[in-house]
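The values are calculated or read from the model by the stated rules, or taken from the named source; none is laboratory data. Quick caveat: nothing in here was measured; it's all calculated off a predicted structure. Ideal geometry is used to build each Cβ from the backbone, glycine not excepted, and the neighbour counts take in all protein chains shown. All accessible areas refer to the heavy atoms of the entire protein, side chains included, with ligands and DNA or RNA removed. Shrake-Rupley method; radii C 1.70, N 1.55, O 1.52, S 1.80 Å.
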Amino acid sequence: MRILVLNGPNLNLLGEREPAVYGKATLKDIKRIVKKRAAALGAEIEFRQSNIEGELVTWIQQAKGKFNAIILNAAAYTHTSVALRDAISATGIPTIEVHLSNIHARESFRQQSLIAPVCRGQISGFGAYSYVLAVDAAINVNVS
């Protein structure tokens, strides 16, 4: 089982950017707990971050045939990117949408996800643990 974990814009600033909203964990901390959980379940993780929409799209397209699932925190692109939505749909790879904060309890413009309809599911509001839950979900959608 191979899982690609993709992180969108500004997530490289985790731990210092709005810790009251996003928590104190850095992206490096999240990578560590994700890899630990995946290893315990016998899965392999590749973990990436980009501030560039096109790079995320390319990584999703290249994942076909190489990864069993994608965990995607598209960050701000969640609410704006038709390109990410189309890439997810085109590959057919089960994709779990993940967010640190509960996007449904935030500003109205953050409550709409353009990618949710083409994702297998969405996990939000559990801070860094959202990613751990997403690892479990990614493994389980490929077993059932």
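Candidates are the residues of segment 1-30 that are farther than 21 Å from Leu84 by Cβ and in a helix (DSSP H, G or I); the one that is most open to solvent (accessible area, probe 1.4 Å) is Lys28.
One line per residue, one yes/no per condition, for (1) open to solvent by less than 30 Å² (accessible area, probe 1.4 Å); (2) acidic (Asp, Glu); (3) modelled with pLDDT of 95 or more; (4) in a loop (DSSP other than H, G, I, E, B):
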{"site": "Asn51", "(1), (2), (3), (4)": "no, no, yes, yes"}
{"site": "Gln61", "(1), (2), (3), (4)": "no, no, yes, no"}
{"site": "Gly65", "(1), (2), (3), (4)": "no, no, yes, yes"}
{"site": "Ile71", "(1), (2), (3), (4)": "yes, no, yes, no"}
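Can you name the residue in segment 103-116 that is modelled with pLDDT under 90 and surrounded by 14 or more Cβ atoms within 10 Å (Cβ to Cβ) and is also farthest from the chain's Cα centre (by Cα) among such residues? Residue satisfying both the conditions and the ranking: Arg106. Just checking, how many residues over segment 86-102 are outside any loop (DSSP other than H, G, I, E, B) and either aliphatic (A, V, I, L, M) or surrounded by fewer than 20 Cβ atoms within 10 Å (Cβ to Cβ) (or both)? Residues meeting the conditions: 8. Of the residues making up segment 84-95, those that are hydrophobic (A, V, I, L, M, F, W, C) and closer than 19 Å to Val5 by Cβ are Leu84, Ala87, Ile88, Ile93. For segment 10-60, a residue qualifies if it is β-branched (Val, Ile, Thr) and either touching a Gly at 6+ places or on another chain (Cβ under 6 Å) or in contact (Cβ under 8 Å) with a residue 60 or more places away in the chain (or both), and the qualifying residues are Val21, Thr26, Ile30, Ile33, Val34, Ile45. If the condition is being assigned to a helix (DSSP H, G or I) and open to solvent by 30 Å² or more (accessible area, probe 1.4 Å), then segment 117-136 contributes Pro117, Val118, Tyr129, Leu133, Asp136.
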